[in-house]
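The values are calculated or read from the model by the stated rules, or taken from the named source; none is laboratory data. Worth saying up front: this structure is predicted, and the values here are computed from it rather than measured. Heads up, the Cβs are rebuilt from the backbone with ideal geometry, glycines too, and the neighbour counts pull from every protein chain shown. Protein only, heavy atoms only, side chains kept; ligands, DNA and RNA dropped before computing areas. Shrake-Rupley method; radii C 1.70, N 1.55, O 1.52, S 1.80 Å.
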Amino acid sequence: MDTNLPSFVGPQGIENYLNLSFVSLDFETTNLEKGSALNKDNDIVLACWTVNRNGQEVKRRHIWGDELTMQPLLDDIASTDFVVAHNAKFELQWLERCGLDLYDVQVWDTMLGEWVLHGNQKVPFNLEATSQRYNLGGKTPLGAMCIKMGMATQDIPVSWLQPYCYQDVDLATNIFYDQLDRCQEKKLMHLMLVRNLTCVALAYIELQGCQLDREKVINAHQEAVTEMAELEQKLIVMCGSINLGSSKQLGEFLFEKLGFKIPLDHKKKPMLTAKGAYKTDKLTISKLKSTNKEQEEFLAAYIRFNQLDALVTKNLDFFKGVVSEYDGVFYGVFNQAQTGTHRLSSSGRKLKFAGKKKESGAQLQNLPRQYKGMFTAHDDDYLIGEADGAQLEFRVAAELGGDKVAEAEIVAGADIHSVTSSVMIEAGHPDFIGKSVKEGRQGAKAHTFAPMYGGNGKLPAEQAYAEFFKKKYHGISGTQRSWCEQVVTRGWFTTPYGMRFYWPGTKMSRSGYIENTTAISNYPIQGFATGEIIPIALVAFWHRARHLDITVWNTIHDSLVSRVHKDCVDQYKELSKQCLTTDVYNFLRDVYNYHFRVPLGVGVKVAKNWGASKEEHVWSVWPDGKETYELKE
DNA sequence: GGTACATGCGCC
DNA sequence: AAATGGCGCATGTACC
């Protein structure tokens, strides 16, 4: 079976842009759910496009009609190298409905162009604001007015909508030419290629949907609701009819009625909100000291109730609605052009449930881990596979810092959390008192990489650990400091992988502390790991699995989640390994001109339900092809 | 009745 | 004056 990559997933992708043979496209659609192609009740109303070769417009065409009438557009797309559009994911999902195979298409998304050119600087990326930044003027007033007023697209007069649509095409074309110059000048073409390749893969992945296991959802929901009802009765007896969801009411009850003392933080200051209100978050509540039976009982019941309440309102109610009213399938949205680090973000596609006033949705990147097991494949012949980058951010930090100590530990497979545990024990951290290194290991995980993200610690033992970490991995900490110094000098800096990050006006205090240190230290690591490497791996995986019975349906920062036919499991593991390691090295070398040295690792789990496998296959693969394998249980 | 903000909390 | 980074969603509160 062909598992090769298409030519444009590599340097040829950039060549294609420079050859200037493209279709520039805009659809006007009916506007349920912002015109999403996933809504089957939406339709294309009008398509306008131009065909451009060698930088010259050679054709201008439009079609008033639905997705069944777009063959001339598909033919034009097939005759050029790429498609230009603003927010191309929208057009791509419509093109898929028109019959285009997304695996064959390359795009230049002018919205993503703005994202890449602006780095971590937040500006509005919509077409109108972007046009104004490029001095291309605003939109045709009449068409724009109708759209803004929310008029049904199909009711807008032809003579208004058609010029409006053509104008968007022309704006995108002009912005594209300008962005192409700017991206070359700032040496950002490789990043732009990855954003655009990722965009097409995401357009496809969003169409797949997430499948919930009906029985598991109903049972979990029932259990939680029953337990909550019991707790609620108990709580009402104790506190009357106050609303426990209100931190104001709960705070008054805890600190005024029940007489809890306001806990003190590590600086011996009372734990209050910035505005001086009572804090009722998990951390504060966990610090409360009961001095009588009433306090003790209330606290126990409240903590459990609150935990369940959050799970039920944010997830279980939604999941139950999905299995009851939507055949167990729901969809998420992946947002590019959202984060400063150039990670993806995700949001939920909202659903309406019977008897509920408000629509609700669930995003795919913050599902409680305990509920992963509720996700399954649509069919008994399929399994769920998850492949994640092993210790990805630490390995990337070692790489960017040229840190020999960290690299040696990664190569040796050293147990870093045990080291943290022993440092914490020696420094007398209260959570580690009386524990052996082994017993403290689990709790140490939360501390291990905090200094890499700029954490200096609060308790003396944590501060001692932060010092230990920075000294031990002086390659990482020294490199982070040099990034900070560059930012002080000129307000921005270029990461080793070519990304530009901006913190204008950053100053150094007399003590030597540099503003924004934590962010400056963190962005390049998070950005390279989860904004470049994982998207590269995702694109490679998606293309290579094209002709296999393997479908990616989620990605969470350092992982790819797929449904896998039971006969494809071995290929799935092999492909995961290749795409998260070798393909990354090759792409970085050929497109980024970046020669990665630290071995990357990948962990693969396959089971009937997401995350349910007790065993994990873990590989490390070196850029020269050497590899190691370990089965973790 | 709507919007904006604050708070809290899930994930990596 | 802030010293762990990055997000999105639900709820309550303040305000118009």
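What the table below lists for this structure:
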{"quantity": "In the range A:86-123, residue modelled with the lowest pLDDT [restricted to those that are under 20 Å from the mean Cα position of the chain (by Cα) and small (Gly, Ala, Ser)]", "calculated": "A:119"}
{"quantity": "Selection status of residue A:320, under 30 Å from residue A:561 (Cα atoms) and more than 15 Å from DNA strand B (Cβ to nearest atom)", "calculated": "yes"}
{"quantity": "Subset of the range A:380-395 that is in contact with a Gly (Cβ under 9 Å, 6 or more places away or on another chain) and in a helix (DSSP H, G or I) - its residue that is nearest to DNA strand B (Cβ to nearest atom)", "calculated": "A:392"}
{"quantity": "Residue match in the range A:52-61 (condition: over 16 Å from residue A:80 (Cβ atoms) and either more than 32 Å from the chain's Cα centre (by Cα) or surrounded by 15 or more Cβ atoms within 10 Å (Cβ to Cβ) (or both))", "calculated": "no"}
{"quantity": "Odd one out for residue A:562 among (1) buried (at least 24 other Cβ atoms within 10 Å of the Cβ); (2) in contact with an Asp or Glu (Cβ under 9 Å, 6 or more places away or on another chain); (3) in a helix (DSSP H, G or I); (4) not hydrophobic (A, V, I, L, M, F, W, C)", "calculated": "(3)"}
{"quantity": "Single residue of the range A:271-310 satisfying the filter (charged (D, E, K, R) and away from DNA strand B (no atom under 13 Å from the Cβ)) that is most open to solvent (accessible area, probe 1.4 Å)", "calculated": "A:289"}
{"quantity": "Among residues of the range A:331-379, those that are within 13 Å of DNA strand B (Cβ to nearest atom), among the basic types (Lys, Arg) and assigned to a loop (DSSP other than H, G, I, E, B), counted", "calculated": "3"}
{"quantity": "Residue within the range A:604-614 that is open to solvent by less than 30 Å² (accessible area, probe 1.4 Å), within 30 Å of residue A:13 (Cα to Cα) and not in a helix (DSSP H, G or I) present", "calculated": "yes"}
{"quantity": "Search result, residues across the range A:249-270 that are of a type in the set (Asp, Glu) and either near DNA strand B (Cβ under 8 Å from one of its atoms) or farther than 19 Å from residue A:458 by Cα (or both)", "calculated": "A:252, A:256"}
{"quantity": "Residue that is within 21 Å of residue A:475 (Cα to Cα) and either away from DNA strand B (no atom under 13 Å from the Cβ) or open to solvent by less than 10 Å² (accessible area, probe 1.4 Å) (or both), where the choices are A:535, A:524", "calculated": "A:524"}
{"quantity": "Any helices (runs of 4 or more DSSP H) falling wholly within the range A:458-527 and containing at least 3 residues that are out of contact with any Pro (no Cβ under 8 Å at 6 or more places or on another chain) and within 16 Å of residue A:396 (Cα to Cα)", "calculated": "A:474-490, A:517-526"}
{"quantity": "Among residues of the range A:252-270, those that are within 18 Å of residue A:241 (Cα to Cα) and either at pLDDT below 80 or surrounded by 14 or more Cβ atoms within 10 Å (Cβ to Cβ) (or both), counted", "calculated": "6"}
{"quantity": "Cβ-Cβ under 9 Å pairs, at least 6 apart or on other chains, the range A:427-441 side among the basic types (Lys, Arg), far side surrounded by fewer than 10 Cβ atoms within 10 Å (Cβ to Cβ)", "calculated": "none"}
{"quantity": "Any hit, the range A:339-352, residues being more than 11 Å from DNA strand C (Cβ to nearest atom) and of a type outside the set (Lys, Arg)", "calculated": "no"}
{"quantity": "Among (1) touching a helix residue (DSSP H, G or I) at 6+ places or on another chain (Cβ under 8 Å); (2) among the hydroxyl-bearing types (Ser, Thr, Tyr); (3) open to solvent by less than 20 Å² (accessible area, probe 1.4 Å) - the single one residue A:360 does not satisfy", "calculated": "(3)"}
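The rows are residues; the columns are (1) in a helix (DSSP H, G or I); (2) away from DNA strand B (no atom under 16 Å from the Cβ); (3) open to solvent by less than 80 Å² (accessible area, probe 1.4 Å); (4) modelled with pLDDT under 90.
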site	(1), (2), (3), (4)
A:128	yes, yes, yes, yes
A:145	yes, yes, no, yes
A:150	no, no, yes, yes
A:162	yes, yes, yes, no
A:190	yes, yes, yes, no
